[in-house]
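Novice: The following block contains the structure, expressed as structure tokens.
A short reminder: the numbers here are calculations on the coordinates, not readings from a lab. This one's a predicted model, so the numbers in the text were calculated from it and none came from an experiment. Counting neighbours? That spans all protein chains shown, and the Cβs are built from the backbone with ideal geometry, glycine included.
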Amino acid sequence: MLFGQLIEAAYSPQPLERTQEAVLQASLAEALPSGWFYDHLAARLARRAGHQDLLATVEGQSVLREDRVQQWIRPLIGFELMCLVIGSVMLLGVARLRRQRQGQQQGRQMDILRLHVPGVPPSWSGGTAAAVILRGGALGVVTTAVILSTPSFQHAWLRALAIPLANLPLLALAYVHLLKPAGLTFSNGFGLVIKRDHLGRLACIILAVVAAGLWGEWVMGRAAEFLNLNNHWTEWFDQSLVWGAPPVLAVSALEYVIFAPIFEELAFRGLLFAMLRRRFEFFPAALISTSLFALAHGYSLIGFISVFWSGFLWAWIYERTGSLIPGMVAHAMNNLLVCLTVMALLR
């Protein structure tokens, strides 16, 4: 309600009196910490009320903040470019090795990327896996509802347990009904332990996947500009990253960069995609599981395509390596870059 009043006052064509502007400025200072949103709303209010002294102060703060943003954003861009260049070299290397078919068998070529056996398709029944996913997902929804309705979980550090607790029923059912009967653990069932002599290849594979994701985002950005398509800014906006106190910020970063990659990869690639691979070839299984993964995020068209592309890459690398670790790390790097960008621009 308050934000609606502030935005209406800042952008309304109706004149704004100085007394009204003073009240709104006080409310704004209490509601928002210093940052992009505060600077823009405060400047708009001051300009509409003709409050030149305050306007000059806010604009001076904005200039200082823009300098600080540049100090943050340049290293981020540099890091993305480094990942793009090195990963692109890795991608070209993998493509070149796969084209060298003369005198080699197809199975041996896959050893270039293989990090773990068995991988996919899994050894467990597809029907049992479907029952586990449906029941575990339903229990996860109930657990999430309980967590959100429990006042004690509103504390920042307890809220960090929401994602693990919501996924606990699914993982417990997966262990009891899928992994254990097959004589597997989470480590060897999903390739969560990599041999030391494979770590170099693991790093190269992760960089290649990250680069493929960045290239896809670049292509989508150019296509969206050409077609004049935009996604709403609220899709990627998180108020905890922009306005949250340090403990809240730390919890949000933990959720985005650690918990989400681990549990989403286990659920959507380790279980859903693997279940579909029992019945379908790679492309149908990847398309179905990745579409559900993208739909679960609730984004518009551009956001859907972006998440779909990332999910497809992570399914492909799980198929080729037999391990969820490359997808988890690439997923974490993707989320980390998004979080840092939002914080650098708006915090």
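Novice: Provide the FRET efficiency to the nearest 0.05 for the LEU301-ILE112 pair, computing r from the beta carbons and using R0 = 30 Å.
Specialist: 0.25
Novice: Kindly express, to the nearest 10 degrees and within the range 0 to 90, the angle between helix 52-99's C-alpha long axis and the longest C-alpha principal axis of the chain.
Specialist: Around 10 degrees separate the two axes.
Novice: I would also like to ask the following. What 222 nm value per residue comes from the helices of the chain, counting each DSSP H run with n ≥ 4 as -39,500 (n - 2.57) and dividing by all residues, nearest 500 deg cm²/dmol?
Specialist: Taking each H run of at least 4 residues, the total per residue is -23000 deg cm²/dmol.
Novice: Further question: Calculated FRET efficiency, SER12 and THR57, Cβ-Cβ r, R0 22 Å, to nearest 0.05?
Specialist: With R0 = 22 Å, the Cβ-Cβ based efficiency is 0.45.
Novice: Considering only DSSP states other than H, G, I, E and B, which trypsin sites (Lys or Arg not before Pro) in the stretch 268-321 qualify as loop sites with at most 16 other Cβ atoms within 10 Å?
Specialist: ARG279
Novice: Send over the semi-axes of the stretch 303-347's equivalent ellipsoid, whole angstrom and largest first, taken as the square roots of 5 times the C-alpha gyration tensor eigenvalues.
Specialist: They are 25, 13, 4 Å, listed from largest to smallest.
Novice: Quick one: helix 126-149 against the long Cα principal axis of the chain, what's the angle to the nearest 10°, folded into 0 to 90?
Specialist: 20 degrees
Novice: Now a separate question. Across the chain, where is the longest run that never hits GluC sites (Glu not before Pro) in a DSSP loop with at most 13 other C-beta atoms within 10 Å?
Specialist: In the chain, the maximal stretch lacking such sites is 18-280.
Novice: Length gain on complete extension for the stretch SER125 to ARG74, per 0.36 nm per residue less the alpha carbon to alpha carbon distance?
Specialist: That works out to 13.4 nm of additional length.
Novice: May I pose another question? Per 0.36 nm of contour for each residue apart, how much would the distance between ASN231 and TYR175 grow if the chain were fully extended, relative to their Cα-Cα spacing?
Specialist: Full-extension gain reported as 16.3 nm.
Novice: With a Förster radius of 25 Å, plug the Cβ-Cβ distance of VAL94 and ALA260 into 1/(1 + (r/R0)^6) and report the FRET value to the nearest 0.05.
Specialist: 0.40
Novice: Oh, and also: Against the longest alpha carbon principal axis of the chain, how many degrees, from 0 to 90 and to the nearest 10, is the axis of helix 325-346 turned?
Specialist: 10 degrees
Novice: Once Rh for the stretch 2-68 is found with the Kirkwood sum over Cα pairs, what is the Stokes-Einstein diffusion coefficient at 25 °C and 0.890 mPa s, in µm²/s?
Specialist: 207 µm²/s
Novice: Further, regarding this structure: Using every Cα-Cα pair within the chain, state what percent have a distance larger than 38 Å.
Specialist: Value for the chain: 29 percent of Cα pairs lie more than 38 Å apart.
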